[in-house]
Amino acid sequence: SVADTEREQKQRLSGTKRLPEGVGKLFVFDTPALYGFWMKNMRYPIDIVWIDDAWQVVGVTPGLAPETYPTIFYPPKAVLYVLEVPEGSTGVDKLTVGTQLTWNAR
């Protein structure tokens, strides 16, 4: 799903029971910046993919556990998109720094 409103971006995946395999949450921001993400009220670990305005992966933060809260995680450089996926998905899908992504809106 896409989180492109301020309310959805603040809620993130907090309080959800799980994120099914093959599903992710894409955060779309208005301008590139160093957006911070944390694991407040999370019940399961996730991977975070940091994506710039050209749809290129600029960082991957794998295996973020709920116990890392209140630590805030930041991308290595300004991003316009952030993708949260189930833990381990970045390895399975080979999402690494430099991967060029495309967007297929349905």
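Every read-out reported here was derived from the displayed coordinates using simple, explicitly stated rules and does not represent laboratory data. From a predicted model like this one, the values you see are computed outputs, not experimental measurements. When we count neighbours, we look across all protein chains shown, and the Cβ atoms used for this are built from the backbone with ideal geometry, even at glycine.
Annotations
- Normalised per residue, the volume of the convex hull around the Cα set of region 22-106 (Å³): 100
- Net charge of neighbours whose Cβ lies under 12 Å from the Cβ of Pro62, counting Lys and Arg as +1 and Asp and Glu as -1: -4
- Spin-label proximity, Leu26 to region 54-77 - amide N less than 14 Å from point 7 Å beyond Cα toward beta carbon: 54-57
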